[in-house]
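Q: Quick one: the structure is below, questions incoming.
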Amino acid sequence: MYKTPDGKEIFVIDGHIHFWDGSPENQRNVHGKQFIDCFYAYHTALSPKEQLWEKAKFEKYSEDDLYRDLFVDGPDDMAIVQSTYLKDFYKNGFNTLERNAAVAERFPDRFIVNGSFDPRDGEKALEYIHFMKETYDIKGVKMYTAEWNGSSKGWRLDDPDAYRCFELCEKLGIRNIHVHKGPTILPLNKDAFDVHDVDNAATDFQGLNWIVEHCGLPRLDDFCWIAVQETNVYGGLAVALPFIHSRPRYFAEVISELLFWVGEDNLLFGSDYAIWTPQWLVEKFWAFELPEDIREERGVDLTPAVKEKILGLNAARIYDVDVEAKRSALASTPVTLAAE
Amino acid sequence: MERLTATEERRRAVWRALDRVTDPELDDPITDMGFVDGIEIAGGSVEVAFRLPTYWCSPNFAYLMAEDIRREVEALPWVEQARVCLQDHMFADKVNEGVNDGTGFDASFGDMASGDDLSALRAKFEVKAFQRRQESVLLHLRAAGCTDAEIAAMTLAAFDLADFGEGEAAAQKPRYREMLLAKGLAREGADLAFRTWEGAPLTPAGMADYLGTLRQVRINMEFNGALCRRLKSTRYKEAELGEDGPGLVDFMLGRVPGQTPPACI
C-alpha cells in the first residue's frame, strides 16, 4: 500500500506490469534486440536519474527484483502482470503466461495474471483461450494488435477472427480485455495509432471491459471520443504517467482531458514495470495538483478521492477484488523476501 | 569574418531546404528534431543521411520524410540528384530504395501497403499541422487581450501587423500564414485570417469549443514530440562538440549535424 504524507493508507493495484526476459540469450534475431533496446530507451528517457537501471538488469531481472520493486520498496498491493509473447523475436517468448504464472504462484495474493492470444491462429486461439481459463483461471487478456505472426504484421480488434475469440472470452468470464495501443507497423500507410477498432469492439461486446493501454496516446482525441460514448472503455495511464516528472504541465493537460472525457471511474494506474518502477510514480502522482488555469479550463479536479480511484479502486472493481478483504489478507503476510 | 567556400554555401542551402521538411506527426522541422545526420555534396549530387528515434518508428512516416527530403533538396537550382539514406531502421533498405529509385511506397512495400501511396496519410497530417499552428497564434492573441469577436473578425492584413512576441507563437505565425494561403483559405489582406481547415469562419460563440479541439491535437503532437526527442537523444548519445566541429555553417545556423555517415546503399 501507499502511505500518504499525512498517514492515509491507499490501496494500489498496478494495472500494467511485465516480467520479461529480453536478454541476448533469449533474443531470436535483431528485432528482439531492437525491441528491448527501445524499451530501455523509454526507461532512460523518462525516468528520474536516480531511478535508472543498468542495461543488463533491465534486459532480465529476477523474481526477487520484481517482488522487491513492486511490493517491498514499492507501493503496490497487487499487480496485473500482462503476457506478451513476441515469439517471432524471442526464443522462449518475451513474457509468457507460463513465466508470469510461475512468479504469481511463488507470491500468492499479489498478482493477477492475464493471458494473451492471437486471433490469427484461428481454431488454435479458441483452444488456447479454453486452456488458459482452465489452467490459470484468467480474468483478463492483453491484446497486442501490432504483433507479427508469419507474414501478417498486425490485426484489428474488429476482425471476424477476433470477434469469435471475444465471444468465447465473454462466455468463459474473461471480461477484461487490455489492448496495447501504441506504435504499430501495419497497414503501413495508415495512421499507425488508430483506435477506432476499439470503438466497434466495445459497442459489440458490452459485457467486456476494454482497457486501452497508454490511452491511445498519441491519438488522445480519438480515444476520448470513443471513451465518452462507451462506458465499458477504460484508459490505462502507463507511459502517460512518467511525464509527471519530465513535463508536469503537459501531464496536467493530458490527465485533465482524460478526466473530462473518460472520467475518474474509468482510469487505471499502471507503472509499465520494468520500464518504470511504481514508487516514484505513485509518490509524484499523489503529490500532484492541477495548475489552476488547467483545472478551470476543463472544470475537472484531481482530488485525493479521484487519485485513490485511479490508483486502485477502479481496477479492483473490474477485477472483482474485495479491497477490505484483500487488505486484511495482505496485512497478515509479511512483506519480505526473507521468507523464501 | 571567414568567407564561406562554395561547398559550405551549398551545405548551408541544403540545410535551409531541409528546414522545410517536417516530421509529419509533429510538424516540427527534421533539422530541429536532430534527425539529419549528415550531408554529402559531390558536384550536383547530394546525399542526406537521416535517422529516427527508434528502430520501430513507423516506416510510413519515415517514407514521407524521405520523399520530402529528396523533393526539397532537388528544388535547389544546382542540385541534379538528391539521395536519401535512412539509417538504423527496420525498413531502411526499402525506404531508401523506394525513394531513391522513385518506386513509390506501394511498390516498395507490396502487400504491406494498402494502395494510395500515402496520400491520405499525408492529407491527414496536413490538417493537424494547420490546427497546431493555428492554435498557437490564437492562444497568443487571446492572452494578449483580444476578444473572441475581434479574433473572429481579424483580417489577414491585421494578422500580418499583429505582434506575436518572440516565443512559440512568433515562430508559428509565418508557418500558419503559409498554410492558410497555400490552402486558399485567405488570399488578400481583407480576407479573414482565421477559418477552419474546411473553410468555415470562426465564430465568437464557438471559439472555446474549437480551441478545445485544437488543444487535443496539440496534446497528441506534443506527446510524440517530447517522446521522440527524448528517445532520440537516448538512442544516439549526442556528441559534445569537439575541436573539429561544428563547421562554420553549423555555427551560423546554430545546428550541429552528426558525423559523416557510412555510404548508404
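The values are calculated or read from the model by the stated rules, or taken from the named source; none is laboratory data. These numbers come from a predicted model, not from an experiment. Backbone-built Cβ (ideal geometry, glycine too); neighbour counts: all protein chains shown. Heavy atoms of the whole protein, side chains included, go into the accessibility calculation; ligands, DNA and RNA do not. Shrake-Rupley method; radii C 1.70, N 1.55, O 1.52, S 1.80 Å.
Q: Between Rg and the Kirkwood Rh of chain B, both from Cα atoms, what is the Rg to Rh ratio?
A: Values: Rg = 20.2 Å, Rh = 20.2 Å.
Here Rg/Rh amounts to 1.00.
Q: I've got another one for you. Using DSSP loop states and a limit of at most 12 other Cβ atoms within 10 Å to flag trypsin sites (Lys or Arg not before Pro), what is the longest stretch of chain B containing no flagged site?
A: B:4-186
Q: Per-residue HN-Hα couplings for the range B:152-162, Karplus 6.51 cos²θ - 1.76 cosθ + 1.60 at θ = phi - 60°, whole Hz, x for Gly and Pro?
A: Working through the residues one at a time gives 4, 8, 5, 8, 4, 4, 5, 4, 4, 7, 5 Hz.
Q: Here is a further query. Past 23 Å, Cα to Cα, is the threshold; run A:LYS55/B:LYS232; A:LYS33/B:LYS124; A:LYS55/A:LYS284; A:LYS181/A:LYS284; A:LYS60/A:LYS124 against it and keep the listed order.
A: Among A:LYS55/B:LYS232; A:LYS33/B:LYS124; A:LYS55/A:LYS284; A:LYS181/A:LYS284; A:LYS60/A:LYS124, the Cα-Cα distance tops 23 Å for A:LYS33/B:LYS124; A:LYS55/A:LYS284; A:LYS181/A:LYS284; A:LYS60/A:LYS124.
Q: Take chain A, connect every pair of alpha-carbon atoms lying under 10 Å apart with a spring to form a Gaussian network, then pick out the residue of A:CYS38, A:CYS215, A:CYS165 with the largest mean-square fluctuation.
A: A:CYS38
Q: Do any GluC sites (Glu not before Pro) in the range B:42-116 lie in a DSSP loop with no more than 14 other beta carbon atoms within 10 Å, and if so, which?
A: Values: sites: B:GLU47, B:GLU67, B:GLU72, B:GLU74, B:GLU80, B:GLU97; in loops: B:GLU80.
Counting only loop positions with at most 14 other Cβ atoms within 10 Å, the GluC sites (Glu not before Pro) in the range B:42-116 are B:GLU80.
Q: With θ taken as phi - 60° and the coefficients 6.51, -1.76 and 1.60, list the Karplus ³J(HN,Hα) couplings across the range A:284-292 in order, rounded to whole Hz; mark glycine and proline as x.
A: Result, rounded to whole Hz: 5, 5, 5, 7, 6, 10, 5, x, 4.
Q: Next question. Report the residue, chosen from B:GLU126, B:GLU135, B:GLU168, that carries the largest GNM mean-square fluctuation when chain B is represented by alpha-carbon nodes joined by springs under 10 Å.
A: It is B:GLU168.
Q: Right, next: What GluC sites (Glu not before Pro) does the range A:286-321 have in DSSP loop regions with at most 12 other beta carbons within 10 Å?
A: Filter output for the range A:286-321: A:GLU289.
Q: Report the relative contact order of chain A, percent, no decimals, based on alpha-carbon pairs under 8 angstrom and at least 6 residues apart.
A: It comes to 19 percent, rounded to a whole number.
Q: State the dimensionless ratio Rg/Rh of the protein assembly as shown (Rg: radius of gyration of Cα atoms; Rh: Kirkwood radius).
A: Taking Rg over the Kirkwood Rh, I get 0.98.
Q: Quick one: which residues, 5 or more positions from A:TYR90 or on another chain, have an amide H under 5 Å from its amide H? H modelled 1.01 Å from N in the peptide plane, none for Pro or chain starts.
A: It is A:ARG28, by chain and number.
Q: Would you calculate the convex hull of the Cα atoms in the range A:194-260 and tell me its volume per residue in Å³?
A: 68 Å³
Q: May I pose another question? Compute the distance from the alpha-carbon center of the range A:124-161 to that of the range A:52-90, in whole Å.
A: The distance from the Cα centre of the range A:124-161 to that of the range A:52-90 comes to 22 Å.
Q: With the radius of gyration and the Kirkwood radius both derived from the Cα set of chain A, what is their ratio Rg to Rh?
A: That ratio equals 0.94.
Q: Further, regarding this structure: For the B and A pair, go ahead and give the buried accessible area with a 1.4 Å probe, both sides summed, in Å² to 100.
A: Working: alone 13890 and 14380 Å², together 24790 Å².
For B against A, buried area totals roughly 3500 Å².
Q: Modelled label-to-label distance, B:ARG122 and A:GLU105, 7 Å Cα→beta-carbon offset: nm?
A: 5.7 nm
Q: Moving on to the next point. Kindly state, to the nearest 0.05, the FRET efficiency for B:ALA171 paired with A:LYS49, given R0 = 30 Å and r defined as their beta-carbon distance. Kindly include the intermediate steps, with their values, before the conclusion.
A: Numbers: r = 30 Å, r/R0 = 1.01.
With R0 = 30 Å, the Cβ-Cβ based efficiency is 0.50.
Q: If each DSSP helix of 4+ residues adds -39,500 (n - 2.57) and the sum is divided by the residues in chain A, what number results at 222 nm, nearest 500 deg cm²/dmol? Mind dumping the intermediate values first?
A: Values: 15 runs with 137 residues, N = 340.
Mean residue ellipticity at 222 nm (helix-derived): -11500 deg cm²/dmol.
Q: With the other protein chains left in place, how much accessible area per residue, in square angstrom, belongs to the range B:121-223 at a 1.4 angstrom probe?
A: Averaged over the residues of the range B:121-223, the accessible area is 45 Å².
Q: Ok, one more. Please list 3J(HN,Hα) in residue order for the range A:40-53, calculated via the Karplus relation 6.51 cos²θ - 1.76 cosθ + 1.60 where θ = phi - 60°; whole Hz, with x for glycine and proline.
A: 5, 5, 4, 4, 6, 6, 10, 7, x, 3, 6, 9, 6, 9
Q: Scan around A:VAL179 for amide H atoms under 5 Å from its own, H built in the peptide plane at 1.01 Å from N, and keep only partners 5 or more places away or cross-chain.
A: Under 5 Å from the amide H of A:VAL179 lie the amide H atoms of A:MET143, A:ILE211, A:VAL212, A:GLU213, each far enough along the sequence or on another chain.
Q: List the aspartates and glutamates whose Cα lies under 18 Å from the Cα of A:LYS57, skipping any in the same chain that are fewer than 8 positions away.
A: A:ASP21, A:GLU25, A:ASP37, A:ASP65, A:ASP69, A:ASP73, A:ASP272
Q: Can you pull the one-decimal nm distance between simple spin-label points at A:ASP159 and A:VAL335, each 7 Å off the Cα toward Cβ?
A: Output for this residue pair reads 4.2 nm.
Q: With a 1.4 Å probe on protein heavy atoms only, tell me which residues of the range B:199-229 lose at least 30 Å² of accessible surface in the complex relative to the chain by itself.
A: B:ARG215, B:GLN216, B:ILE219, B:ASN220, B:GLU222, B:PHE223, B:ALA226, B:LEU227
Q: The range A:37-96: which GluC sites (Glu not before Pro) are DSSP loop and have at most 14 other beta-carbon atoms within 10 angstrom?
A: A:GLU54
Q: Looking at chain A, identify the longest residue range that excludes and avoids all trypsin sites (Lys or Arg not before Pro) in DSSP loops having at most 12 other Cβ atoms within 10 Å.
A: It runs A:92-340.
Q: Moving to a separate point now. Would you mind telling me which residue in B:PHE223, B:PHE105, B:PHE61 has the biggest mean-square fluctuation in a Gaussian network model of chain B, where springs connect alpha carbons within a distance under 10 angstrom?
A: B:PHE223
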